[in-house]
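Visitor: Let me begin by handing over the structure; questions about it come next.
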Amino acid sequence: MDNRAIGFFDSGLGGLTSVQEMHEQLPNEKVIYYGDTARTPYGSKSPATIRKFATQIVDYLVSKDVKMIIIACNTVTSMALDPLRERYPNIPILGVIEPTVKKVVNDRCTSVGVIATKATISSNVYGDNLKQANPDIEVYSLACPAFVPLVEEGIIDNEIMELMIKYYMDDFVTNNAFNNLILGCTHYPIIAGQIKQLYPGIKLYNSSAEVIREAKQYLEENDMLAENSSIKDRYYASDLSENFIAMTELLFKDRESKIKLVELRN
Ligand code: DGL
C-alpha cells in the first residue's frame, strides 16, 4: 500500500481527462495535478522548450513526494519521456503513447488515423511505435494545432468548434482508408462527442484513458495502491484561468480538492 499522491501534468487542462479516468478506475488514488496554463499550448513549441518546461514541472511534482508521475500530455510524452525517466530513474513515469499503441495493436487494427499537435505529429512517435509493433499497419497522421487553444478558451460545445473539426478532418477522413482514430492529445476527449457525431463510423482510441489502465496494472503489481486516505486532491496551474477553474470544479465536484496558482521559475 502507498497513500502518496500520483502526479499528473499537462500544458493546460487537457490532462484533466486522464485524472477523470483515474477517479473512475481508482477512486482511492489522490492526485496532484499541474497545468501549465500560462505557457499553453506546447504543441507548437520547439522540442528544447517543451523539455525545459516538462523538467521544471516534474521537478516540482517530485518535490511533492508523488509515488508515480503520469505525463498526461502526448506532446511532452513524444518529446521528453526518455530524458525525464533518466532524470528520475527511481520514480515510475508513464507516458500516454505506449499504452495507446499497445491497445490499438492488441485490437488488431489494420489501419489507424492519428490526430495530435504539430509537435507530436512531427515526432512521428505514434507512426514509429505502431509500425514497430505491426509493420503491416497503415498509419495516417494529421496535426490539428487549433484544437488546444480553443479548448483552453472554453470554445467547446458549439459551431465554432464543429467548423474547426470539419476544417481539419473532412478531407483527412475522406481521403484516407481508416476506421480507427487515435485521439493523440489529451485535450481531444473533451471534443470526442463532436468528432463521433461528425464521423460516426470511426472508432476512437483515447490516450487519456489508456495510460490509466497501465498505471492501474503497475500499482497493483507493485503493491502501491492507495487505501482510503484523508489527503485532498490538489490542482496547480501557472495561470488560474477561468476555464481551468471551471473545468476542474465541474469535472471533480464530488471530490474534495484545492486549486492554487503555482508559478515555476526558469
Ligand atoms: N494535451 C496536450 C497533448 O496531449 C496538448 C499539448 C499542447 O499544449 O499543445 O499533446
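Visitor: Excluding residues fewer than 8 places away in the same chain, name every one of the aspartates and glutamates whose C-alpha is closer than 18 Å to that of residue 64.
Guide: 2, 10, 29, 36, 233, 263
Visitor: Turning to a different aspect of this structure: Is the chain best put as rounded, prolate or oblate by its Cα gyration tensor, with a ≥ b ≥ c the root eigenvalues, rounded for a/c under 1.5, and otherwise prolate when a/b is larger than b/c, oblate when not?
Guide: Here the chain falls in the prolate category.
Visitor: Just the Cα atoms of region 176-228, one point each, no solvent: what log10 I(q)/I(0) does Debye give at q = 0.21 Å⁻¹?
Guide: -0.78
Visitor: May I ask for the net charge around residue 130, where only other residues with Cβ less than 14 Å from the Cβ of residue 130 are counted and Lys, Arg are +1 while Asp, Glu are -1?
Guide: After counting each charged neighbour, the total is -2.
Visitor: Can I ask one more? Can you give the helix-only mean residue ellipticity at 222 nm for the chain, where every DSSP H stretch with n ≥ 4 adds -39500 (n - 2.57) and the sum goes over all residues, rounded to the nearest 500 deg cm²/dmol?
Guide: -14000 deg cm²/dmol
Visitor: Could you work out how far apart the two model spin labels at residue 257 and residue 88 are, taking each label as a point 7 Å from the Cα in the direction of the beta carbon, and quote it in nm?
Guide: Simple spin-label model gives 1.9 nm for this pair.
Visitor: Can I ask one more? Would you work out the relative contact order for region 126-241, in percent, from Cα pairs under 8 angstrom that are 6 or more residues apart?
Guide: 19 percent
Visitor: I've got another one for you. If you take the Cα atoms of region 166-254, find Rg, then find the Kirkwood Rh from the mean of 1/r over all pairs, what is Rg/Rh?
Guide: Here Rg/Rh amounts to 1.08.
Visitor: For residue 232 and residue 1 in the same chain, what is the full-extension length gain: residue separation times 0.36 nm, less their Cα-Cα distance, in nm?
Guide: 81.4 nm
Visitor: For region 57-206, what size does the Cα cloud have along each of its three principal axes, sorted from largest down, in whole Å?
Guide: Sorted from largest, the Cα extents of region 57-206 read 46, 39, 23 Å.
Visitor: Give me the percent relative contact order of region 53-142, please, defined on Cα pairs under 8 angstrom at least 6 residues apart.
Guide: 27 percent
Visitor: Quote the relative contact order of the chain in percent (integer), defining contacts as alpha-carbon pairs under 8 Å separated by 6+ residues.
Guide: 28 percent
Visitor: In 5 Å bins starting at zero, report the fraction of Cα pairs in region 1-83 per bin as a rounded %.
Guide: 3, 16, 27, 25, 17, 9, 3, 1, 0
Visitor: Something else about it: Of the cross-linked pairs 102/232; 103/216; 45/67; 67/216, which ones have a Cα-Cα span greater than 24 Å in the structure shown?
Guide: From 102/232; 103/216; 45/67; 67/216, over 24 Å: 102/232; 45/67.
Read-outs throughout are calculated quantities, based only on the coordinates presented, and are distinct from any laboratory measurement. This one's a predicted model, so the numbers in the text were calculated from it and none came from an experiment. In this analysis, Cβ positions are derived from the backbone assuming ideal geometry, glycine residues included, and neighbour counts consider all displayed protein chains.
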